[in-house]
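*Asks:* Below you'll find the structure I mean.
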Amino acid sequence: MITMKDIIREGHPTLETKAKPVEFPLNDETKATLKAMREFLINSQNPETREKYELREGVGLAAPQINIQKRMLAIHTYDEKYETFHDYLMVNPKIISHSSMETYMPGGEGCLSIDRVVEGLVPRYKKVTVKTHLYDVKTDTLKETTLRLRNFPAIVFQHELDHLDGILFPSKIKESLPEAQPIEFKNIENESEEENL
Ligand SMILES: [Zn+2]
């Protein structure tokens, strides 16, 4: 089980290293890692397990954050309107096209590998088309898929993809983004403006 002690923090060289493609077929160790990454996000979002295991809440996790230099990532989140749930274990994801329009988190981004508040805006593509293999833990199958992501899930994906390329969000901060549109979250109770990606 992954807890905060397994998550490496800024300054660790793995977070500044480009991760290597995952080889197919997936071996049992890689499958177990993917499953554990998804379970970490689920545990972090459940108030009981979050408190019990002293986790920080997260919506995305990339393998380099647990010191595994492989191109795989987990996303587990609703979109900004709380309409569609995005539950992905991606292996070797690539952006094949994107919008010219940019967006950003109005309260800035957060990261499980960064233990401080970093203010500033991070430009992200508003829409991305992603080619990836998706691992399904329930059926133990891997499928090549093309996904179209927009707004919040697209931001989460781009933040995690940056981890696979050894990039942390503070290096991308801009003072202002006059051309970009901020993500508009639907107001619900307990809404937090800051998300840990
Ligand atoms: Zn991060």
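*Asks:* Report, to two decimal places, the Cα Rg of the chain normalised by 2.2 N^0.38 Å (N = number of residues).
*Replies:* Working: Rg = 15.8 Å, N = 197, 2.2 N^0.38 = 16.4 Å.
Normalised by 2.2 N^0.38 Å, the Cα Rg of the chain equals 0.96.
*Asks:* Hey, which of these cross-link pairs are over 26 Å Cα-Cα: Lys31/Lys81; Lys52/Lys127; Lys5/Lys131; Lys35/Lys94; Lys94/Lys138?
*Replies:* Among Lys31/Lys81; Lys52/Lys127; Lys5/Lys131; Lys35/Lys94; Lys94/Lys138, the Cα-Cα distance tops 26 Å for Lys31/Lys81; Lys52/Lys127; Lys5/Lys131.
*Asks:* Going by average Cβ neighbours within 10 Å, how do the peptides 75-84, 6-15 rank, with the highest at the top?
*Replies:* On the way: 75-84: 16.4, 6-15: 14.8.
Order by mean packing, descending: 75-84, 6-15.
Read-outs throughout are calculated quantities, based only on the coordinates presented, and are distinct from any laboratory measurement. Keep in mind that what you see is a predicted model, and the values were worked out from it rather than measured. Heads up, the Cβs are rebuilt from the backbone with ideal geometry, glycines too, and the neighbour counts pull from every protein chain shown.
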